[in-house]
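Remarks on the structure that follows.
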Amino acid sequence: MSIRSSGQATRGTLVQPVADPGSLFAAGRRADEAGDAAAAEALLWRCLCEDPAHGAALHLLGVIRARQGRPEQALALQRESLRVDPSIGWNAFRCGELLQARGSWREAAGAYAQARRRLPAEAWIGRLQAAMEGKAALGGEELRHGLTDRSYAWWIARLEPPLPAPQGLQPERLRPGWLLLQAPDAVLRPGAIGLINAALQQAEAAAQAAGSEPPPWLSCDEDRLSARGRRHDPWFKPGWTPETFWSLPWLESFSVWRIDWLRRHDLWPPPPASDAAARLAWLLRASSRSQGGLSLSRVLVHRRGPAPERRERARVIGAHLRGLNEPIAAVRPSPMHPEGFQLQWRPAPGPIGVVVPTRDRPDLLARCLDTLRRCCGQAPPFEVLVIDNGSRLQATAALLASWRERPGFRLAVHRLDAPFNWSRLNNTAARRLREPLLLFLNNDVHQPPAATGRLRAAPAGAWLQEMAGLAGRPAIGAVGALLLQASGRIQHSGMQTGLASPLADPIALHAYRDLPVDHEVHRGRSRLLTTWPAVTGACLMTRRELFLSLGGFDESLPLEGNDVAYGLALQRRGYRVVVTPHATLQHRETSSRGPARPREVQQALATLQRRFPAELARRHPWWPEASGRGFCDGRPREFSHPHWL
């Protein structure tokens, strides 16, 4: 069949009117919007037969091909659309998406740049362009594996907010009434004093308006300078919490103090920086009295020297804790961290009741019980209560019978045949036990097979003793463990509120999840005793009396969010929640129950938002303000875009 543009046919041919390309395209677009891809394609191809340079038809065909999982054809169509009609803009954007998906970062950046020029109202496309330029510069490096020196250097060059330019030729002066303390090897960045003065002025004005006092001190983030003057190893710092600060004191580099507050608390004058031990003792005493200050989330200080010697500093921290009547047994340089400290607490005097919920999976349960068996004689005495939620396998019954008969291992079984409700199972067990400490331990948690990274293989039972020593402290509401995946990467090192996003967990993120255990994000914080808003219920120790006084786990949350709710309830009562890396176990997450369903997660989120609206939104003081939301890897907030994954 031949078709002439005049609509006149030669003799012997079928006459078909020539359709208007614009009408064909409009009909194809309506068919696509109605979900009829086949009709849309047919109409769009007819449009292109009449007008091969119809850029919008090429663009929409490219969108359909991408939707069908045919990216190379989609890219060819979008490129042709861009060639014949660059004014569309969205064809350039779609080219960028397709190039990004195949890892052509530099070409994707160019396509996004072209889209940005044609679509000036869509400012967010500029962030995609910057992300692709960064990916190209970093060779496709994924920030979810941790910030490297290479990505930090790129952030400094392209994304770090500038400091205010110094005014005049005279050295900048600190605001009157404040005192700056600085380590001998610390170097202030040009413009830092101007930014600090602005922050102090703002804090003073806010305090005056509220009828309160300004914060007693201010701190900032820092990094290191190499021998060649290159910046590296950033330290984005959290707010002040006792255990986090004691494990790695971070006010020694730089801090600014309110002089009238120091005088009122008999802390004036501070020791000179040349007496490092006396200065550290003073900082510990002053920070404990203040219970927090103002964290300025900017890198304002570089350190040139090596990490300070730790033995004398460990002695100073130990003396400070004993002065606070803390049940500290020893403070020593951490074997897991080159700068931090291991705080060893005196063991709690009472025995422990261990709750292990299960439904069959004898393979998992056997490894869990064997992990506990290794603790016998090496940790405080304990009794295990297996709460059996309807097991049916003969292998499970045989396993439990054999463990009940083991000499020296106290194990009881309570059967509860009811619909699965993790909270109710654990609450039932807690009411039956009488030990002063409770350990809630999922059946898919067990001893890791070997030491991983900088984590040292600990004596059998050391992890249980470590958790018990912390849980016995009056200020502590719950204790969690560092849990690893089978790959050796982090599964849990604490649960952080205020970071949630639909791209990850909408309730609370597992801090540093999927990072290697020897990562350096936030100065390797997961290898030190650290305070968090909540810990996972997969391995959680708490005092029984406190647990029951709070009503236990919320039984309206059968699977998701019950551990977060308990942590937030403790927080509301003034208790702290900590995670210790000296209790390191492996967690085969979801092995026993499978992954949570989206509906369960959303129901839990609604319950928590109703009960704990303020607490669920908070990320301070646990998470550094300089680190972005929606990601658990600690990246700077300027990298907080999904395309930086």
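Please name which of TRP622, SER556, GLN602 has its Cα lying farthest along the dipole of the chain towards the positive end, using unit charges on Cβ (Lys, Arg +1; Asp, Glu -1) and the Cα centre as origin.
Projecting each Cα onto the dipole axis, the largest value belongs to TRP622.
Can you give the FRET efficiency to the nearest 0.05 for ARG410 and ARG431, using r as the Cβ-Cβ distance and R₀ = 22 Å?
0.75
Just how far, in whole angstrom, is region 213-268 from region 546-593 if you go by their alpha carbon centroids?
What the calculation gives is 31 Å, centre to centre.
May I ask you to order 339-347, 172-180 by the average number of other C-beta atoms within 10 Å around their residues, highest value first?
Order by mean packing, descending: 339-347, 172-180.
Extension gain ARG311-ARG263, at 0.36 nm per residue separation less the Cα-Cα distance, in nm?
14.2 nm
Relative to the Cα centre, what is the charge dipole magnitude of the chain, using +1 at the beta carbon of each Lys and Arg, -1 at the beta carbon of each Asp and Glu, and rounding to the nearest 20 debye?
Dipole magnitude for the chain comes out near 860 debye.
Ignoring ligands, DNA and RNA, what accessible area per residue does region 21-155 give at 1.4 Å, in Å²?
So region 21-155 comes to 47 Å² accessible per residue, rounded to a whole number.
What's the magnitude of the charge dipole for region 178-343 around its Cα centre, counting Lys and Arg as +1 and Asp and Glu as -1 at the beta-carbon? Answer in Debye, nearest 20.
That gives a dipole near 360 debye.
No solvent, one uniform scatterer per C-alpha: report log10 I(q)/I(0) for the chain via the Debye equation at q = 0.09, 0.10, 0.12 1/Å, two decimals.
Normalising to I(0) and taking log10 leaves -0.86, -1.00, -1.25.
Can you give me the solvent accessible area of ARG573 with a 1.4 Å probe, rounded to the nearest 10 Å²?
Result for ARG573: roughly 130 Å² accessible.
Per residue, how large is the accessible surface of region 178-343? Use a 1.4 angstrom probe and give square angstrom.
In whole numbers, region 178-343 has 41 Å² accessible per residue.
Can you pull the accessible area of CYS632 for me, 1.4 Å probe, Å² to the nearest 10?
Spelled out: CYS632, probe radius 1.4 Å, area about 30 Å².
Carbon and sulfur together cover what percent of the accessible area of the chain at a 1.4 Å probe radius?
Percent of accessible area from carbon and sulfur atoms in the chain: 52.
Could you check the spin-label model distance between GLU213 and ASP518? Points 7 Å from the Cα along Cα→Cβ, value in nm.
4.6
Rounded to the nearest 500, what is the 222 nm mean residue ellipticity of the chain from helices alone, with -39500 (n - 2.57) per DSSP H run of 4+ residues and division by all residues?
So the helix-based figure for the chain works out to -11500 deg cm²/dmol.
Among bridges DSSP assigns within the chain, what percent are antiparallel (round to 5)?
Roughly 55 percent of the DSSP beta bridges within the chain come out antiparallel.
With every protein chain left in place and a probe of 1.4 Å, what is the accessible surface of GLU50, to the nearest 10 Å²?
Surface accessible to solvent at GLU50 totals approximately 80 Å².
The values are calculated or read from the model by the stated rules, or taken from the named source; none is laboratory data. Remember, it's a predicted structure, so these values are computed and weren't measured experimentally. Note that we place each Cβ from the backbone using ideal geometry, even for glycine, and neighbour counts take in every protein chain shown. For accessibility, only protein heavy atoms count, side chains too; no ligands or nucleic acids. Shrake-Rupley method; radii C 1.70, N 1.55, O 1.52, S 1.80 Å.
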